[in-house]
Structure formats: C-alpha cells, structure tokens
Amino acid sequence: MANSEKRNKQVPLAKTMASFALQGNPVSRGITIGRAHLIPRAALDVPHYLVPQEKVEQEVQRLERAIGRVHQELADIWATLPNDAPVELGAFLDVHELILSDAMIAEAPLNIIRLRRYNAEWALLTQIEALSAQFDAIEDAYLRTRKADIVQVSERIMKSLQHENSTREKEKTMTPPAPAEDVATDMIVVAYDISPTDMLQFRDKVFSGFISEIGGKNSHAAIVARSIDTPAVFGLPIALSLIEKEDWLIIVADTCTVIVNPTGVVLEQYRIRQLAWERSQKRLRRLRKTPSRTIDGTPVSLMANIEFPDDCAAALENGASGIGLFRSEFLFLGKKGDKWQIPLEDEQFEAYKRTVMLMRGRPVTIRTLDIGADKPIGVSDFSAINPALGKRAIRLCLAEPDFFMTQLRAILRASAFGQVKILIPMLVHASEIDQTLSLIARAKAQLHAEHKKYDDTVPVGAMIEVPAAIMGISMFTRRLDFLSIGTNDLIQYALAIDRVDPEVAHLYDPLHPAILSMLSIAIRHAEKKGTSISVCGEIAGDTAMTRLLLGMGLREFSMHSTQILNVKQEVLNADLEQLTPQVQKILRLSEPDAISKAVQKIRQLPSALS
Ligand code: PEP
Ligand code: MG
C-alpha cells in the first residue's frame, strides 16, 4: 500500500487508553504516526523483514524445512538415549515432539507468513510471543511452566533457520537484500537497543519509525536512521514497559517527542503537520540543480555520506557533488553473533567499482575499514576492553595487513574507473600514516606486476577525528593529499563523552569552545597549506552549524543525502563577507551562553532569499 493511502486510512479515534508523552534524545527529523511493534531485548537478533508476495510460499517452505529438521533432531536424540537414561528425559522429548507437531507451532506461524508476509523467524517469534502471553495468563502453575517448553522448541526452530541462513550467506555477495515491495509503513519499532546492523535490516522501510531505550544522537544506529530518513527518538528509558503492543504512537523527531495513545484531535493535528512537513521537503527538491554558492558567489561543495553502493541513487537525487564518505565497513558488518564475513577482493572491487560508475565521474571518497566501538564485528578475536579506545579502524587494519591489503587492492582497482580518493580513519601517529602509505605503495606495485589497472595518482587523506591529530596537524598536511574532519569522534574524544551513551548525551556539545577552536585550527592550517579539507561528521548536515562552518572557512561538507538540500538552502542564503568577521568574533568567545547566542544571531543575518 502506498504511503498516502496508508495515511488516509481511518484511524480508530475512540481510544480509551491514557495518552502521555515521552521525551528522548534527538536522532532524525520528521513526523511519523503508526502502531507500536515491540521488540523485546532478546528478539533483536531475529531478522525482521517483509517477504515479497511472490516469495511467500518459498518462505513458508523454509519454515517447514526448519520444523522438519527439528523433528529429525529430536528423533536422533531419542535414538541415542542410553538405556539407563532417566525416564523424565524421554517424557521431555515426547512433550517437545508433541509441541512441534501441534498446530500452534506447525501451522499458525505459516499462516502468519501468508497473511502478513513476515519472514519465517519474525512469524515464529510473533506466534511465540502470542503463546507466551496466553500462558502467562493461565492460573495453573504447572501449565504455566509449559511455556518454557514452547520457548525451547521455538529456539530449536530458530537455530535451524539461522543455520540454513548462514549456510546461504556464505554464498551470497555483499549486496544487502533487495527491499520488499509494497511494504507496510505504519509500524514503529520500540526496542531496548537498536544496533547499526539491526537498523540496516530495517532500511527497506518495513518500519516507519524507531524508538529505543538507549542510544544517542551520534551512535551509528542514529546515523543510519538519518540516512534512511526515518523519524526516530532514542534514549527513552523503560519505553518497552510503558508502551504496549499496537499502541498508537506519534514520533515528532525534531522535538524528540513520542506521544503514546494520542486522542483523536491530537492525532489529526499531527497528521496535518506531517503533511506540511512532507510538502516542505518536496519544495526543497526544487533546489536540486541549483549550483551551491553563497550570495557572494563562493562555491561550496556538498557531498554525500553513504554506507552502500545503492545509496548513490539518493545522493544523485539530492544533487550531491560526490561521495565525501563511503563507510566501507558496512559492507563487512555480518549478522550479530556470526563469524565476521570478510568480503573477498573481487567482491569488494565490484562494490567500489559500482559506486564509482553510479556517481558518473564525481569523486568517491572510500574510507577504509572503521570497525570497532559501536560497529562490533561479532568476533571475539578483535574485541577490545574499551572498544572506543582499542584496536579500532586503522589500528586494526595495520595489525591485520593481509585483509587491509585486500581492501587497498580492491579500492585501487576501482580507481581505474573514475575519481577515487582513499580516506583513512582514526590516524593519530606519523608512523601509522607512513605504514599506510607504504602498504598502498605495495598494493600498487602488486597490481602493476599483475598488469591490473589503477590510478597511480589516487589521493590519500586522513580522517581528523582525534584531538591529537589537530594539535599535530602539520604531520598530516605534510604527508597526505586531503583531510576530512570526523566531528562525531572528535567531539567524543575531546570531551570524553561516549557518543552512544544517553546518560551523557546532553554533554555532547559541538559548540564547546574547545571544539570550535579545534575546527578552526584544522581549517585554517589546511587552507594555509593548500590542502583540501571537509567535514563529514554529523554537524556537516546540521543546518544550525552551516553558517558557523562557512564563516570558519569551510568549503566542503559531506552529509547524509537527505540533508543536502536543507544545507544548500543555508549556503544559498549565506553572505561570507558578513559572516566571516562575525564568526571570527565567535571564535574569541569562551562562555557557552555567549557562543550559543552569537551562533543564533548569525543564523538570523539577513539573507538573499528572505
Ligand atoms: C566521524 O567520526 O565524524 C565520522 C564521520 O565517522 P563515523 O561517524 O563513521 O565514526
Ligand atoms: Mg569516526
């Protein structure tokens, strides 16, 4: 069903439940209205997606096969029971066999797949949740304990499904699953936590909004929510206890508010606001082809941050001048708990080449693996005591030169097809830069010897995301071709604020005088040395920061595609002659109140379009 049809559907207004509002941390923008889909803590490992209509029967058979395998497993266990095994064991197996054959397990989930097009795991989970609720309501204590047996049987089926999945996964390429067509858009996920990998499962827009008990604005899950342009609010403790399944919810992402069980009048008001928001987004689309220049004619490059080659479509639709950050690690993120899937050189090469080709001559900045912190890889050999400060990103790559070389070779090979730039994350030491450059030289030499094509002049740059990199910036400009400031991590490391921890989210302040002065040092130094510099952290897509960054001298911004046109509107309205001296004054301020007032003031300067 199309979104507009969904919206026009009659909403039952006569709700008797108490209406209340919750306030969380900002994540994305927009308004969405839908019914709560609760995902209990343990259930997040289960994939949730809608199966295209033509694949429904295949999915039914997948679940039937898994149930069949569990029958076989139980029979095998029976066959190998020693003669002196306690009788309870046999009885226990019988009970499990009975449950497995009962219609509540053998048929009901199959019907859920057929009716709702849920994938097998999700259908099974839905049925188990319904059964659990029924069992919880039973007075008889003995019968209540049978719930544990049902859960155990379902876990066996789930494992069997996952086993089949992981066997298939090995044969799959890195391309994410194709989105299901005709998906429902009126379900809002309410979860304890949503990892970036969970969020990626949801990027086919099965859900129209996300609410999570933990998580901050700068977590990678929040970044993915913004990149798929889906309203979300994180950091709502006990949301799972307060919100009930199927409750009506309104997410007002801009004000970080979730309204639970709104009255009919409130619901209608927000429907009108939702339409107005969508109309304003449509109007912005007229700026798509307008050159990005300030009032005085200074060109400003607005590029896109992407996670997958397929994201290029949105980048082009929003008029991106290139890809300023391709977070390549998203190609590597396997399912939670799985062994880390390292794509082969050819698979990586195909993904990079495809991106380059899709961008039709525009620059594509591929960041090498940035694994660690809130992008776990589900494999213990790389886990760190403090992941944000451990063997993350380039540290891991230099410790594992074989797979780093694989990625470098793949990127270099893609550079033969367009403008590729290599971006290295988390560099701090000169020795790390030198080692990286020599590995790139070695990769080039290998390709040369194998008569494989690559661009010998491919620019190599650094993410500036650790305060030490700013204080020692000349070490970087001396050795590298370009810089990109990763403010998400820079703020995390400079202010000692875990970017994913909602407890300290209020302290994560891009306007802290220390951050402003670090940004200014980096931008001025790069300008002096003629080294191009961009910002690719979240502040690049925050319109409240655009004029400030322009006044500091920044001319390259990279952000989610969905933010490009909003930022372009700010650029078109900015007069650098007016702004630059004002921003220089702001940089001399040290009191937070004075800074935020002055930043407000420059946002209100008269503009060309006002
Ligand atoms: C950053 O740190 O600002 C950045 C762009 O990288 P990531 O968010 O992927 O860590
Ligand atoms: Mg970073």
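All of the numbers you see were taken from the coordinates with simple rules; none came from a lab. Please read all numbers here as calculations on a predicted model, not as lab measurements. Using ideal geometry, Cβ is built from the backbone for each residue, glycine included, and neighbour counts are taken over all protein chains shown.
P(r) tail, the stretch 185-330: Cα-Cα pairs separated by more than 19 Å, 60% of all pairs.
Using 0.36 nm per residue, how much length does the chain from TRP78 to HIS506 gain when fully extended, once their Cα-Cα distance is taken away?
The span from TRP78 to HIS506 would gain 148.3 nm if fully extended.
Ordered by the count of other Cβ atoms within 10 Å of each Cβ, fewest first, ILE250, ILE77 give ILE77, ILE250.
Projected label points at LYS528 and ALA416, each 7 Å from Cα along the beta carbon direction, are separated by 4.2 nanometres.
Modelled this way, with points 7 Å down the Cα-to-C-beta line, the labels at HIS71 and ALA133 are 3.0 nm from one another.
Report, in listed order, any pair from LYS421/LYS585; LYS217/LYS585; LYS55/LYS159; LYS289/LYS421; LYS217/LYS245; LYS568/LYS597 with a Cα-Cα distance greater than 27 Å. The answer is LYS421/LYS585; LYS217/LYS585. Among CYS312, CYS256, the order by Cβ neighbours within 10 angstrom, fewest to most, reads CYS256, CYS312.
Of the trypsin sites (Lys or Arg not before Pro) found in the stretch 395-470, those in coil by DSSP whose Cβ has at most 16 other Cβ atoms within 10 Å are LYS452, LYS453. Whole-percent P(r), the stretch 413-518, all Cα pairs, 10 Å bins from 0: 14, 36, 27, 16, 6, 1. Peptides 429-438, 129-138, 352-361 ranked from most to least packed give 352-361, 429-438, 129-138, packing being the mean of other C-beta atoms within 10 angstrom over each peptide's residues.
Ellipsoid semi-axes for the stretch 491-574, based on the Cα gyration tensor and the rule √(5λ), read 22, 18, 11 Å when sorted largest first. Taking 0.36 nm per residue of separation and subtracting the current Cα-Cα distance, fully stretching the chain between LYS601 and ARG286 would add 110.7 nm. Separation of the stretch 527-545 and the stretch 217-243, taken as the distance between their Cα centroids, equals 25 angstrom. About its Cα centre, the dipole of the stretch 252-308 is roughly 400 debye, where the only charges are +1 on Lys and Arg Cβ and -1 on Asp and Glu Cβ.
At full extension, ASP229 and ILE385 could sit 52.8 nm farther apart than now, given 0.36 nm per residue minus the alpha carbon distance. This ranking places ILE228, ILE251 by how few other beta-carbon atoms lie within 10 Å of each, fewest first, which gives ILE228, ILE251. Taking the square roots of five times each eigenvalue of the Cα gyration tensor of the stretch 423-479, the equivalent ellipsoid has semi-axes of 26, 10, 8 Å, listed largest first.
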